[in-house]
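Peer 1: My structure is below; once you've seen it, I'll send some questions.
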Amino acid sequence: MTASLPPLYATWAADFLDGPIPPESNATCDDCAMVVNDSASDDVGFSASVKCCTFMPELRNFLVGAALLDPSSEAARGRASINARIDAGIAVSPLGLGRSAAYDRLYDAVPTGFGRDPALLCPHFVDERGCFYSIWHHREATCTTYFCTHVRGTVGRAFWSTLQHLLKSVEESLAAWCVREIGLDGELAIGECDDATSRAMWGAWYGRERELYARCSRLVASLSWADVARIGGPRVALGAEQARSAHARLLEDGAPERPVLALVQITPRRAGRVRLSTQGGGDPLDVPEIVATLLPYFDGRPIGEALDDIRRREGVRVEPSFVRKLSDFGMLRDAASGDPT
């Protein structure tokens with residue numbers, strides 16, 4: 001039902017979502033859709049050696065502990081990469097493993113580095129089968145919800161973005177709850193700090209980082225979604241409601257009642273195709289060039305009238321499912337919904 005999620009999050013999502021999460025089958029790690037293999041293409045894609053793994057995740061304490069406690073042989077390299085971050089002692093706090101200030105500066109200084117710059121490579125990356133995330137079953141919200149392309153275009157992107165915000169809220173709430181349960185209090189942060197501040201944060205747990213993380217993992221592993229919602233409070237409750245709403249739209253399969261053309265940029269491609277894109281920065285859509293000539297027919301009248309007019313004037317039969325796809329990718333909107341965007 002929720003195979004796209006790590007096991008812990010999949011268990012909770014089965015309770016707060018009203019159905020399965022459709023797979024993002026276009027986003028393939030083994031054969032990355034963002035790597036441009038055609039030298040004649042003018043697309044700027046990811047580097048095949050790093051792909052979207054140019055990101056250092058902030059891992060909350062219970063996820064760190066789960067990775068350390070994972071006894072499987074396939075998790076061995078994940079345990080090693082987690083241990084290396086702890087041994088380095090950079091941004092290691094009771095709340096989890098953060099990023100160094102140097103990494104954040106580098107990330108901000110190279111705005112085109114994502115997907116391309118090896119200096120930004122994730123410490124849990126393993127170069128195997130095209131790429132391999134060594135803590136895959138214990139990944140955090142960003143790595144859980146990021147897809148380079150979406151089957152349902154803006155509809156899919158909206159769902160995963162909403163779910164990311166919810167899971168981030170969950171992670172922050174549970175990490176803070178864990179340290180309170182363990183008996184730590186005072187000012188805690190997940191970022192980089194000096195040694196004196198670090199010792200003060202860890203208190204009696206200083207030098208026992210792995211033990212604390214394992215304890216946090218065991219605490220969270222026993223929680224139901226009802227427990228998580230109670231601990232997270234209104235912020236998590238609101239996030240869950242927004243995720244349910246975005247998920248319901250993701251499961252809808254009907255075409256818009258009164259499709260109307262949105263603001264679309266049309267870029268010529270090769271072999272009789274064009275690329276449609278929107279100002280919102282959503283996924284582009286490559287289609288036969290005739291589609292560009294059909295778009296003005298969608299002017300807010302009922303879909304049946306628009307499709308009949310296209311068939312009569314252009315001699316082209318357009319299926320409602322294709323109209324839905326254009327709507328999914330933001331090229332059309334439903335005038336019947338009253339949504340001006």
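Peer 1: Residue 119 passes all but one of (1) free of Cβ contacts under 8 Å to residues at least 12 places away in the same chain; (2) closer than 24 Å to residue 32 by Cα; which number fails?
Peer 2: Condition not satisfied by residue 119: (1).
Peer 1: Counting residues that are more than 21 Å from residue 34 (Cα to Cα) and without any contact (Cβ under 8 Å) to a residue 12 or more places away in the chain, which helices (runs of 4 or more DSSP H) fully inside the stretch 271-330 reach at least 3?
Peer 2: 303-314
Peer 1: On the basis of being at negative phi, modelled with pLDDT under 95 and assigned to a loop (DSSP other than H, G, I, E, B), does residue 143 make the cut?
Peer 2: On the way: at negative phi: yes; modelled with pLDDT under 95: yes; assigned to a loop (DSSP other than H, G, I, E, B): no.
No, not satisfied.
Peer 1: Of the conditions (1) loosely packed, with under 13 Cβ neighbours inside 10 Å; (2) without any contact (Cβ under 8 Å) to a residue 60 or more places away in the chain, residue 254 clears all except one; give me its number.
Peer 2: Of the numbered conditions (1) loosely packed, with under 13 Cβ neighbours inside 10 Å; (2) without any contact (Cβ under 8 Å) to a residue 60 or more places away in the chain, the odd one out for residue 254 is (2).
Peer 1: Right, next: What are the residues in the stretch 123-177 that are touching a strand residue (DSSP E or B) at 6+ places or on another chain (Cβ under 6 Å) and closer than 29 Å to residue 284 by Cα, if any?
Peer 2: Result: 132, 140.
Peer 1: So which of 67, 76, 91 ends up being surrounded by fewer than 18 Cβ atoms within 10 Å (Cβ to Cβ) and either of a type outside the set (Val, Ile, Thr) or more than 20 Å from the chain's Cα centre (by Cα) (or both)?
Peer 2: Details: 67 fails: surrounded by fewer than 18 Cβ atoms within 10 Å (Cβ to Cβ); 91 fails: surrounded by fewer than 18 Cβ atoms within 10 Å (Cβ to Cβ).
Exactly one of 67, 76, 91 is surrounded by fewer than 18 Cβ atoms within 10 Å (Cβ to Cβ) and either of a type outside the set (Val, Ile, Thr) or more than 20 Å from the chain's Cα centre (by Cα) (or both), namely 76.
Peer 1: Applying the selection to the stretch 309-319, what residues are exposed (fewer than 15 other Cβ atoms within 10 Å of the Cβ) and within 22 Å of residue 253 (Cβ to Cβ)?
Peer 2: Answer for the stretch 309-319, where residues must be exposed (fewer than 15 other Cβ atoms within 10 Å of the Cβ) and within 22 Å of residue 253 (Cβ to Cβ): 317, 319.
Peer 1: Another question, then. Starting from the stretch 193-219, keep only residues that are in the same structural domain as residue 96 (by TED's automatic domain parsing), then list their pairs with residues that are loosely packed, with under 15 Cβ neighbours inside 10 Å and among the acidic types (Asp, Glu) whose Cβ atoms are within a distance under 8 Å, requiring at least 6 positions of separation or different chains.
Peer 2: 201/187; 205/211; 219/181
Peer 1: Additional query: Of the residues 134, 173, 198, which is within 26 Å of residue 232 (Cβ to Cβ) and either touching a Leu at 6+ places or on another chain (Cβ under 6 Å) or not basic (Lys, Arg) (or both)? Quick ask: steps written out before the conclusion?
Peer 2: Details: 134 fails: within 26 Å of residue 232 (Cβ to Cβ); 198 fails: within 26 Å of residue 232 (Cβ to Cβ).
Of 134, 173, 198, the one residue that is within 26 Å of residue 232 (Cβ to Cβ) and either touching a Leu at 6+ places or on another chain (Cβ under 6 Å) or not basic (Lys, Arg) (or both) is 173.
Peer 1: Could you give me the residue pairs with C-beta distances under 7 Å whose first residue belongs to the stretch 149-166 and is within 19 Å of residue 33 (Cβ to Cβ) and not assigned by TED's automatic domain parsing to the domain that holds residue 323, whose second residue is at pLDDT 95 or above and of a type in the set (Val, Ile, Thr) wherever it lies, and which are 6+ apart or on separate chains?
Peer 2: Listed pairs, sorted by first residue: 160/145.
Peer 1: Of all residues being in a helix (DSSP H, G or I), among the small types (Gly, Ala, Ser) and free of Cβ contacts under 8 Å to residues at least 60 places away in the same chain in the stretch 64-87, which is farthest from residue 124 (Cα to Cα)? Just the residue, please. Explain how you work it out, then say what you get.
Peer 2: Step one: filter the stretch 64-87 for residues in a helix (DSSP H, G or I), giving 64-69, 73-87.
Narrowing further to those that are among the small types (Gly, Ala, Ser): 65-67, 73, 75-76, 78, 80-81, 84.
Now restrict to residues that are free of Cβ contacts under 8 Å to residues at least 60 places away in the same chain: 73, 76, 80-81, 84.
Working: 73: 15, 76: 11, 80: 9, 81: 6, 84: 10 Å.
This residue is 73.
Peer 1: Restricting to the stretch 1-59, and then to whatever is surrounded by fewer than 15 Cβ atoms within 10 Å (Cβ to Cβ) and of a type in the set (Asp, Glu), can you tell me which residue is modelled with the highest pLDDT?
Peer 2: 15
The values are calculated or read from the model by the stated rules, or taken from the named source; none is laboratory data. Computed from a predicted model, the values in this text were never measured in an experiment. Positions of Cβ are generated from backbone atoms using ideal geometry, with glycine treated the same way; all protein chains shown enter the neighbour counts.
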